[in-house]
Amino acid sequence: MEEQAVSYRSVNENPCHMCMPIGAILPFKGVERSMVLIHGSQGCSTYMRRHISEHFNEPVDVGSSSLNEKGTVYGGEANLKQGLDNLIKIYHPSLIGVLTTCLAETIGEDIDRIGQEYLRERKMDNFPLVTVPTPGYGHSHSEGFSLAVKRILARLARKSPSHGRINVLVPNISPADLREIKRLLEIMGVRYTLLPDFSETLDAPFTSPYHKIPSGGTGLNSIREMPGAIATLQMGVTLEEGFSPGKYLEEEYRVPLFNLPLPIGLENTDTFIRSLQKVTGAPVPEILLKERGRLLDAMVDAHKYNFAGRCIIFGEPELVYAMAGTCLENGVTPVAVATGGKGAKLKTLLQTLRDRYAADAPDTGNGKGVGPVFLPEADFDIMRRTARERGANLAIGHSGGKYLTEKEGIPLVRMGFPIHDRVGGQRIFSAGYAGTTVFLDRITNTLLERKLSGYRERIYRQFYRGKKYDLV
Amino acid sequence: MRAGKETGMPIAERFESIGRKGRQKKTLRCGADSLAGSVSQRACVYCGARVVLNPVTDAVHLVHGPIGCAVYTWDIRGSLSSDAELYRSSFSTDLKERDVVFGGEEKLTRAIDQLVEKYHPPVVFVYSTCIVGVIGDDLEAVCKSASRRHAIEVIPVESTGFSGNKADGYRAACDVLMRVIASGQREREEAGESGSSSRDELAINYLGDFNLAGEAWIIRDYFREIGIPVNTVFTGDSTYESIRGAGRARLNIMQCAGSMNYLAGKMEEQFGIPCLQVSFVGLTDTADSLRRVAAFLGDEKICWRAEELIARESEKVKPLIREYRRKMKGKKAAIYVGGGFKAISLVRQFGELGIDVVMVGTQTGRKEEYETLFDLASEGTVILDDANPSELEKFMVEEGADLLVGGVKERPLAYKLGVAFIDHNHDRKHPLSGFTGAVNFAGEVYTTLFSPVWKFTRGGEVWENGGYSYGRASC
């Protein structure tokens, strides 16, 4: 596959990705009665809260050890312990995640030691304190997310008798998609543990009285028992092994691991449903067959419109991979794909995907054949240039893409995290056959809107040369 | 669920930062470091500096640090520009592990070179972040050498995140602005055009307005009409050149004192430019401020024209405000905003609308500002510094607030409590300043207080299950 050659870049212009700790906050929001404390300066926690809160439109409380100059010079131990004390006083959580930052990592804070010492001093030896090393300069938010899930498992999972459930491990997707995955599991009659599950906590119904920690999230006991599952289905085909929570369960507890793509797109959803069928051995219920049929019907209805689509896709690796597949199976050409990261595994996966579709693509001689080109370590400056060069007419990704709309007039189908300039980021629904159908509609309708607005004018300009040569 | 309900007590270390009008001496602990684990709503030094410098529209704003600091501040402000758009981009050196180990100076040097070559900016601001403060990159040296190489100003911003709070970031930004002003001043002196004789006898600088949703343009227009030229704004729709010329003004008028007090002091000290505190939030404050500036400049014609403008604009908006007031009288508001000036102005503005303020707090208010708040507030009002969500929830619920004024992080909390909300933050998209802004504000208060949605959250039969109410029946 073609890969955009990038020399070592010294400057990032308008980033596509975020830092490691913000990704690590999210899984904790999907664990029952859990809180997070960020060991670092006050700003980290506030900025991340703002960023997350504006996407989900939910209060997102995250503690900070509020490291100041003194803490930086002499060590932040006292701050961290005081932070834990206060967080417990205010929120009474059942689990606390402690994340590091650039600052804590660089001054060499040993959060494992401090954490253990804290629990001993407070006589809370059995309290689940989950530490996650997340230096902001380390990896992107996507790795932060997976690592946090892995560390939650490492702290809680215990050798358990076999209980017949399956583990379902998910990357950062919308609460709406989490709910859909749960619905599919239930329709298929599969008993499961979903981790993390912020479908209720980060898209909470309006209720009173208000609770500082919203109800919902994966139960601690369910997490403890995950080693007793029949298998792990992990939506993590792009995950590197060091960041794979499923790999951890396999290595430590011999739970068979099946990595699959997110169930977005027809083929990807089929893969998910077939995997579940292997567990149950039962036929696929009619309700799902109908949903699949309806998706297929929608794909047929829209296929000619979709062929005009040349999209640039960006966001987190798992989502981007699933979206690229959805586009390709509908004849929408992804001309470029970016995550902000290096995307080692993603690159190979996209190559395979592309090869499957490339054979049928005509050589129109303009070098604009079937994509996708993966753009490693891309920012929006690179994406903008690539989008222009390769004639993109559609962008699919988070709100950062508004830049492509503003600068290049490329319309944006909003997907992923964060969505800051529209409401409903938490409700963007794209998983399963039903979700894929509405996702596809969003794509097709964006293309149609572009085509139908101004086509009379465009054609008039292109072909109409006046009536003066006509015979009267 | 609303009025009179008791919620949990705040943590003991926070008691001194929370007061109640009439029950204690008129002072609060403020300006202290945030308490670990209390979930403060404050950001960091970098945030303070970035907010203040961001509206310098033709500058390259380069964040020397990991990606997070740049991505969380990318184009999130509603400051408008009449020309350059460069300030809306977030540039970062995107420090990685190897840079942390081996130092980031070379990378920074290359980043500056690339950006200058690509965008030809008149000035580059290089923001320091936590990590830079620890690994000890010499920003001053890198910037100095880049400055020589490119023959433009490349200025380090001392905004290492952990070295204080947001207010220290304001100071860091003011130091940078002062550097730019001073260099402009020096150049004029060398060209023999400085001194008080070179000053425009009427021109003013307008400090502490960030031209959010064009607010500085509205105020500039008022002054244009009454015959007072606005030299430059700190910092709203400001360019490098306009800031360099700041020394030409006869008077500084300052709105957001929290961020600009330090700069105003320095300018008075070094260039002898006096400063007048103003506020264009609310009708009373706007009229009063226009009058005081006109009076200060001492020209009868100007005073007369100011009165004309005030009379005309007030006449235009007063019937509307009166109507809103009739609807909203007796409602209770809570305020939690960044700085003291805004809190004070909002208390007055709610007064104009007949709304009682039951709670008022700020992230970085100063001692004098809290004293003013204690003076202004009605008996029993809760006043607090550097509050957290838990305290905001407690006092809104206990005091039965109908409305909260705050920023992005406070909004979902208010909504979950079934409380109306006003966005008074840096990303607002409609102006809240001047006469126009006063009407917008009243309209926004009305919109949120009287939305039909509250019918379904209060009163009527409850849809409930398991101890939770899921809203009220529609009929």
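Tabulated values for the structure
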read-out	value
Selection from A:211, A:181, A:141 lying farthest towards where the dipole of the stretch A:140-267 points positive, charges on Cβ	A:211
Entries of A:29/A:342; B:316/B:429; A:150/B:416; A:212/B:332 with Cα pairs more than 29 Å apart	A:150/B:416
Estimated vicinal HN-Hα couplings, Hz - the stretch B:361-366 in sequence order (Karplus 6.51, -1.76, 1.60; Gly, Pro = x)	x, 9, 7, 9, x, 9
Fraction of accessible area attributable to carbon and sulfur, the protein assembly as shown (%, probe 1.4 Å)	51
With all protein chains modelled, accessible area of residue B:98 [1.4 Å, Å²]	130
Ratio Rg/Rh, restricted to chain A and using Cα atoms, in which Rh is the Kirkwood radius	1.01
The stretch A:111-265: translational diffusion in µm²/s, Stokes-Einstein, Kirkwood Rh over Cα pairs, 25 °C, 0.890 mPa s	147
Potential extension, residue B:455-residue B:371 segment - 0.36 nm per residue separation minus Cα distance	26.4 nm
Protection proxy ranking, peptides B:69-77, B:417-425, average beta carbon neighbours within 10 Å, highest first	B:69-77, B:417-425
Debye, to nearest 20: dipole size of the stretch B:45-186, +1 on Lys, Arg Cβ, -1 on Asp, Glu Cβ	160
Over the stretch B:45-186, relative contact order from alpha-carbon pairs under 8 Å, at least 6 apart, %	34
Assigned charges on the beta-carbon of Lys, Arg, Asp, Glu; the protein assembly as shown dipole about Cα centre (debye)	2080
Selection from B:419, B:384, B:468, by position along the positive dipole direction of the stretch B:318-471 (Cβ)	B:419
Spatially proximal aspartates and glutamates relative to residue A:407 (Cα-Cα < 15 Å; intrachain offsets below 8 disregarded)	A:13, A:379, A:381, A:389, B:75, B:85
Summed buried accessible surface, chains B and A, 1.4 Å probe, nearest 100 Å²	6200
Cα-based shape type of the stretch B:45-186, given that a ≥ b ≥ c are square roots of the gyration tensor eigenvalues and the cut on a/c is 1.5	rounded
Accessible surface, the stretch B:318-471, averaged per residue in Å² (probe 1.4 Å)	35
Cα gyration tensor category, rounded, prolate or oblate, for the stretch A:307-453 with a/c compared to 1.5	rounded
All lysines inside 17 Å of residue B:327 as judged from Cα atoms, apart from same-chain residues fewer than 8 positions distant	B:318, B:455
Where Rh is the Kirkwood radius over Cα pairs, Rg/Rh for the stretch B:194-308	0.93
In order through the stretch B:415-420: 3J(HN,Hα) via Karplus (6.51 cos²θ - 1.76 cosθ + 1.60), integer Hz, x for Gly, Pro	4, 5, 7, x, 10, 5
Additional length obtainable on full extension of the chain from residue B:20 to residue B:308, 0.36 nm per residue less Cα span	99.6 nm
Note, ³J(HN,Hα) from phi for the stretch A:440-454, Karplus 6.51, -1.76, 1.60, rounded to Hz, x at Gly and Pro	4, 4, 4, 5, 4, 5, 5, 5, 5, 4, 5, 5, 6, 7, x
Cα gyration tensor category, rounded, prolate or oblate, for the stretch B:318-471 with a/c compared to 1.5	oblate
Residue range of chain B that is longest and free of GluC sites (Glu not before Pro) which are both DSSP loop and sparsely packed (at most 14 other C-beta within 10 Å)	B:202-378
Dipole of the stretch A:263-337, positive end: most advanced residue of A:281, A:264, A:302 [Cβ charges, Cα centre]	A:302
Peptide A:85-95 - average C-beta neighbours from other chains (10 Å radius)	4
Other protein chain Cβ atoms within 10 Å, averaged over every residue that makes up B:106-115	3
Whole-percent pair-distance distribution, where bins are 10 Å wide, for the alpha carbons of the protein assembly as shown	2, 11, 20, 23, 21, 14, 6, 2, 0, 0, 0
Inter-chain Cβ neighbour average for residues A:11-24, partner chain, 10 Å	6
Cα pair distances in the stretch A:186-318, grouped into 10 Å bins until the bin that holds the longest one, percent each	9, 28, 33, 23, 6, 0
Whole-number percent relative contact order across chain B, with pairs defined as alpha carbons under 8 Å at least 6 apart	18
Cα-only radius of gyration and Dmax that characterise the stretch A:104-182, units Å	16.2, 46
Residue-normalised accessible area of chain A, given per residue in Å² at a 1.4 Å probe	40
Point-charge dipole on Cβ atoms (K/R +1, D/E -1) for the stretch B:194-308, about Cα centre, debye to 20	280
For the stretch B:194-308, accessible area per residue (1.4 Å probe, heavy atoms of protein chains only), Å²	35
Relative contact order computed over the stretch B:194-308 (Cα-Cα under 8 Å; 6+ residues apart), in percent	26
Reduction of at least 50 Å² in accessible surface, 1.4 Å probe, comparing all protein chains with the chain by itself, residues of the stretch A:166-211	A:206, A:207, A:208, A:210
Residues along the stretch B:66-102 losing 50 Å² or more of accessible surface when the other protein chains are present rather than the chain by itself (probe 1.4 Å)	B:67, B:71, B:72, B:74
Calculated over chain B: convex hull of Cα atoms, volume per residue (Å³)	161
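The values are calculated or read from the model by the stated rules, or taken from the named source; none is laboratory data. Everything numeric in this text was worked out from a predicted model, so none of it was measured. Because the Cβ atoms are built from the backbone with ideal geometry, glycine has one as well, and the counts that use them run over all protein chains shown. We work out accessible area using only protein heavy atoms, side chains counted, and drop any ligands, DNA or RNA first. Shrake-Rupley method; radii C 1.70, N 1.55, O 1.52, S 1.80 Å.
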